[in-house]
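The values are calculated or read from the model by the stated rules, or taken from the named source; none is laboratory data. All of these numbers come straight from a predicted model, not from anything done at the bench. Positions of Cβ are backbone-derived with ideal geometry, glycine not excepted, and every protein chain shown enters the neighbour counts.
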Amino acid sequence: MNKKIIFGILISLVLVYLSVRGINFTDVQNVLQKIQLPYVMLFMLLISLIQYLRSYRWGVILQPMGTIDQLSLFSVTSVGFMVIAALPARLGELARPYLISKRSSIKMPSAVGTIIVERVLDSFTIFIIAVVILFFIDLPSWMIHSSILFFLIAVTMFAAIMILILHRNTALKFINVILNKLPGKFAPKIDAMIHHFIDGLQIVTNVNILLYLFFLSAVIWLVDVLAIYVLLLSFGFMLPVVASFVVMIVLIVGIAIPTAPGFIGNWHFACVLALSLFGLSKADALSFAVVYHFLSMVILLVFGVAFLPFNKFSISDMTKQMNHQ
């Protein structure tokens with residue numbers, strides 16, 4: 001884990017350097033002074049709405065295992081996303097499954113399965129959006145290749161999910177062949193974890209709910225695009241709407257890279273790279289990236305800290321709970 005943390009921090013340092021290289025910080029300061037606060041307030045409301053929508057969608061995915069009230073879902077989601085941002089190398093991804101298992105009868109491995117479903121939904125949605133914007137702009141080859149890679153990963157994950165659900169016994173027999181090679185005390189624990197994990201994937205077999213989840217995913221990412229566009233307007237940047245879509249897609253690819261806490265470096269580099277495609281100067285793009293990142297982290301921090309007293313979090317306890325279920 002220490003190696004991952006060090007590696008993530010090194011990547012962040014490299015990306016920070018690439019983001020600020022050749023920048024005249026006086027220009028950045030001048031750009032920041034032009035920000036229009038009404039747009040900033042609207043941006044923050046939209047980002048808050050995204051947080052609510054994510055928690056609501058997660059509740060729909062969790063429904064086969066238990067109905068959880070929306071306040072609890074929003075509370076856990078808020079703390080969970082704060083932990084994801086706070087811990088390096090994406091180590092916080094287990095936070096939400098851990099927290100929801102403490103507030104309900106849902107097993108942590110099952111909740112982990114619902115996070116996998118979320119990732120698949122998001123990957124498919126982002127790919128569809130990328131395909132649509134191809135009709136409005138010629139994307140660089142690296143963006144197309146990245147989108148295709150995300151799509152292939154999503155297809156692979158979805159295929160694996162369907163195999164685990166529809167051919168559960170056969171899949172488990174194959175997995176048990178591998179588990180039998182492990183020391184005796186570990187195999188039963190892992191076998192139980194896999195059973196619970198598969199339970200968390202069950203929602204994809206309901207076609208109507210699955211379509212509803214795709215709709216919710218589309219709404220989430222379109223609101224995200226709107227938020228980016230509003231923030232661009234706050235700087236007075238008169239860019240086409242498609243620029244917001246490109247920023248979103250490049251940023252998703254960028255923050256998928258395990259780096260230092262808070263996505264420092266990869267967030268900024270991704271925004272600078274995306275906006276350079278529309279002729280925005282590096283100083284302008286970096287100014288936008290800094291504000292976009294800062295406001296997004298502030299919102300995560302405010303919601304996370306507000307609900308943290310109701311969601312006690314411990315990394316060591318999270319590890320123990322995962323091992324005991």
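What do you reckon, is residue 228 closer than 28 Å to residue 108 by Cβ, in a helix (DSSP H, G or I) and modelled with pLDDT of 90 or more? Here the answer is no, as residue 228 does not meet what is asked.
Are any residues in region 237-258 over 16 Å from residue 11 (Cβ atoms) and of a type in the set (Val, Ile, Thr), and if so, which ones? Across region 237-258, the qualifying residues are 241, 242, 246, 247, 249, 250, 252.
Just name the residue that is farthest from the chain's Cα centre (by Cα) out of those in region 231-264 that are aromatic (Phe, Trp, Tyr) and in a helix (DSSP H, G or I).
By that ranking, first place goes to 245.
Among all residue pairs at least 6 apart or on different chains, which show Cβ distances below 9 Å where the first residue, located in region 286-307, is over 14 Å from residue 274 (Cβ atoms) and in contact (Cβ under 8 Å) with a residue 24 or more places away in the chain and the second is surrounded by fewer than 18 Cβ atoms within 10 Å (Cβ to Cβ) and among the hydroxyl-bearing types (Ser, Thr, Tyr)? Filtered contacts from region 286-307: 299/48; 303/48. Taken over region 117-150, residues that are among the small types (Gly, Ala, Ser) and farther than 30 Å from residue 203 by Cβ amount to 1. For the residues 155, 177, the requirement of being in a helix (DSSP H, G or I), at pLDDT 85 or above and either of a type outside the set (Lys, Arg) or within 23 Å of residue 54 (Cβ to Cβ) (or both) singles out 155.
Filtering region 259-301 to residues that are within 22 Å of residue 38 (Cβ to Cβ) and of a type in the set (Phe, Trp, Tyr) leaves 288, 292, 294. Applying the criterion of being crowded, with 20+ Cβ neighbours inside 10 Å and assigned to a loop (DSSP other than H, G, I, E, B) to the residues of region 265-293, the residue that is modelled with the lowest pLDDT is 265.
Of the candidates 8, 113, 66, 80, the single residue that is at positive phi and not aliphatic (A, V, I, L, M) is 66.
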